[in-house]
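Here is the structure we will look at, set down as structure tokens.
What follows is calculated from the coordinates using simple rules that are stated; it is not laboratory data. Keep in mind that what you see is a predicted model, and the values were worked out from it rather than measured. Ideal geometry is used to build each Cβ from the backbone, glycine not excepted, and the neighbour counts take in all protein chains shown.
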Amino acid sequence: MGYKLSKYLYEDEKEGYVFLYNTYKVDMLKIKKPLFEAIKENLSDIKENPENPVIAKLIEKRYLVEDSVNEDREGDLMYLKTCHSNKQLLLTILPTEGCNFRCEYCYEEHKQNKMSEETQEALIKFVRKNLKYYGGLSVSWFGGEPLLYPEIIEHLSEEFKKICKTFKKPYTAIMTTNGYLLDYDMFCRMKKCNVTNYQITIDGPAEVHDKQRFLAGGQPTYDKIISNLTDIKEKEKSKFYTFSLRTNLTVQSAKAYPKLAQFLKDNFFVDGRFTPRVRIAWNGTNDADYEKNIISDISSIFGEGSSLEETQENLQKSMYGITDENALRKNFNEIMFAHYPCYAAKANSFIFGPDGRLFKCTVHFDDSKDGVAGYLKPDGHLEVNDTIDAKWITQMTANDKGKCYDCKAYPLCQGVGCPYKMSVRGRRDDECEAKVAEIISTFRVFSSNEKICADVEEMLA
Ligand code: SF4
Ligand code: SF4
């Protein structure tokens with residue numbers, strides 16, 4: 001019996017080291033190049049329980065696997081376990097599609113609706129009927145702006161908690177909010193609803209943020225959000241509550257980003273509960289002229305030869321460099337496990353609109369884009385359109401599965417990646433390239449930190 005290098009490794013070389021990115025274990029390490037070359041040359045001589053601690057470590061972390069292992073089937077199993085799991089009932093609930101903001105790049109239509117009492121009761125019945133099939137309930141509050149109707153969140157949370165208590169299953173909740181209404185009193189109300197993590201967007205220093213993220217009447221929002229977060233940071237002592245501060249980069253915000261990064265570092269990231277998320281903004285629906293503000297030609301902003309990936313990488317590197325090891329690792333795991341594959345490909349994920357429509361993806365709420373996969377009936381029964389549902393929750397690989405088996409990203413992407421682009425729109429070829437570039441770029445960003453990408457020999461010293 002010999003060993004082989006796992007097929008699920010990306011290799012990168014820097015300064016005499018080979019960096020190994022392991023998509024199966026979502027792990028990485030670096031190893032001196034001559035040592036790595038020597039190991040590769042002698043793979044067939046490796047025995048079970050090797051004395052060499054480096055080899056033992058590489059086997060333990062699955063950088064090396066036995067010759068006989070069929071990694072394709074293990075990749076398939078990964079897909080089944082992630083996308084067809086009953087570990088948790090994952091609900092994303094929109095109390096409203098309405099919002100108090102009118103962000104320039106927003107893709108939503110801001111329908112001023114509100115979840116009716118009838119739909120709330122149907123949702124409670126749905127959870128009561130179905131929770132027995134799952135290990136726990138996890139709710140993500142979304143919108144529109146969910147905090148426009150905190151009383152809906154409170155009512156549903158109360159009922160969900162009771163159901164979970166009856167079934168003796170855990171209940172957890174997170175929220176995506178613009179942060180404007182999240183003052184300390186509101187935060188305390190949401191604590192009672194078990195909301196422990198928030199994603200809040202800050203697009204730049206005040207002068208930039210307020211141009212991109214303003215109230216429906218055009219008024220600024222930056223000062224209010226920062227004052228809310230400062231208040232929570234000072235008054236709340238528990239480490240249990242965490243905040244991902246997201247920045248959407250547009251032509252405007254990318255230029256001003258270093259100033260914002262410094263401010264956030266000094267004021268929030270010194271506290272491990274606050275972590276950064278940097279993303280490139282994409283097209284919206286609110287402003288016909290907005291296209292010009294989307295970053296399409298990166299070199300015009302950051303200089304000749306800069307690529308989108310490099311820019312994102314450099315920006316993130318400068319921020320991640322300051323966060324503590326635990327926060328950094330947690331952030332890395334969150335990015336990897338939350339994004340790959342997208343929740344829209346998961347059979348245990350249900351997104352409910354305010355009127356009981358079942359969506360699969362939080363970006364496409366539209367019938368014409370196969371965004372509506374079913375309807376919740378007043379008795380809590382979910383009527384699902386299997387033809388549409390199948391496009392989201394099965395791998396579109398019937399004719400070219402071999403492509404995924406040749407792809408090092410398979411354990412993370414699982415052949416579904418972004419199901420909207422790959423399967424619903426059927427643009428798998430274009431999307432594969434983008435997905436792989438995104439995965440490598442995320443590994444690269446984090447590999448710049450010694451603590452989560454250590455030299456394997458030093459790890460063992
Ligand atoms: S990136 Fe493409 S080829 Fe690779 S696993 Fe995903 S769908 Fe398959
Ligand atoms: S657009 Fe793609 S990646 Fe984004 S939520 Fe929808 S399916 Fe998921």
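Taken as Cα centroids, the stretch 152-227 and the stretch 115-147 sit 17 Å apart, rounded to the nearest whole angstrom. The dipole here belongs to the stretch 1-131: it is taken about the Cα centre, uses +1 on the Cβ of Lys and Arg and -1 on the Cβ of Asp and Glu, and is about 380 debye. For the pair residue 429 and residue 325, the difference between a 0.36 nm per residue extended length and the Cα-Cα distance amounts to 33.8 nm.
Where does each of 75-81, 204-210 land if you order them by average Cβ count within 10 Å, highest first?
Averaged packing, sorted descending, gives the order 204-210, 75-81.
Charged side chains reduced to their Cβ positions (Lys and Arg at +1, Asp and Glu at -1) give the chain a dipole of some 1360 debye around its Cα centre. For the chain, with the dipole built from +1 on Lys and Arg beta-carbon atoms and -1 on Asp and Glu ones, taken about the Cα centre, which of 135, 218, 49 lies farthest toward the positive end? Going by the charge dipole, the pick is 135. Under 5 Å between amide hydrogens, built in the peptide plane, is the criterion, and for residue 89 it picks out 135, 136, 137, 138 among residues at least 5 positions away or on other chains.
Residue-wise HN-Hα couplings along the stretch 188-199, as the Karplus relation 6.51 cos²θ - 1.76 cosθ + 1.60 with θ = phi - 60° gives them from phi, are 5, 4, 6, 4, 5, 8, 6, 6, 10, 9, 10, 10 Hz; Gly and Pro carry x. The value of relative contact order for the chain, using C-alpha pairs under 8 Å at least six residues apart, is 19 percent. Think of the stretch 102-179 as having a plus end and a minus end, set by charges on the Cβ of Lys, Arg, Asp and Glu; of 166, 179, 113, 166 sits farthest toward the positive end of this dipole.
Within a straight-line Cα-Cα reach of under 27 Å, residue 211 can be paired with the following lysines, leaving aside sequence neighbours fewer than 8 residues apart in one chain: 111, 224, 233, 255, 259, 265, 292, 317.
The length gained on full extension between residue 384 and residue 41, counted as 0.36 nm times the residue separation minus their Cα-Cα distance, comes to 118.1 nm. Among the trypsin sites (Lys or Arg not before Pro) found in the stretch 147-231, those both in a DSSP coil and sparsely packed, with 15 or fewer other Cβ atoms within 10 Å of their Cβ, are 168. Taking only the alpha carbons of the chain, we obtain Rg and Dmax values of 23.2, 71 Å in that order.
For the chain, what is the mean residue ellipticity at 222 nm derived from helices alone (per DSSP H run of n ≥ 4: -39500 (n - 2.57); sum divided by total residues; nearest 500 deg cm²/dmol)? Working shown, then result.
Numbers: 17 runs with 180 residues, N = 461.
Value at 222 nm, helices only: -11500 deg cm²/dmol.
Cross-link partners of residue 30 among lysines, defined as those whose alpha carbon lies under 16 angstrom from its own and excluding same-chain residues fewer than eight positions apart: 14, 40, 57, 61, 451. Angle of helix 325-339 to the longest C-alpha principal axis of the chain, folded into 0 to 90 degrees and rounded to 10: 80°.
Bridgeable aspartates and glutamates around residue 403 (alpha carbons under 16 Å apart, same-chain partners fewer than 8 residues away excluded): 71, 72, 74, 76, 429, 430, 431, 433.
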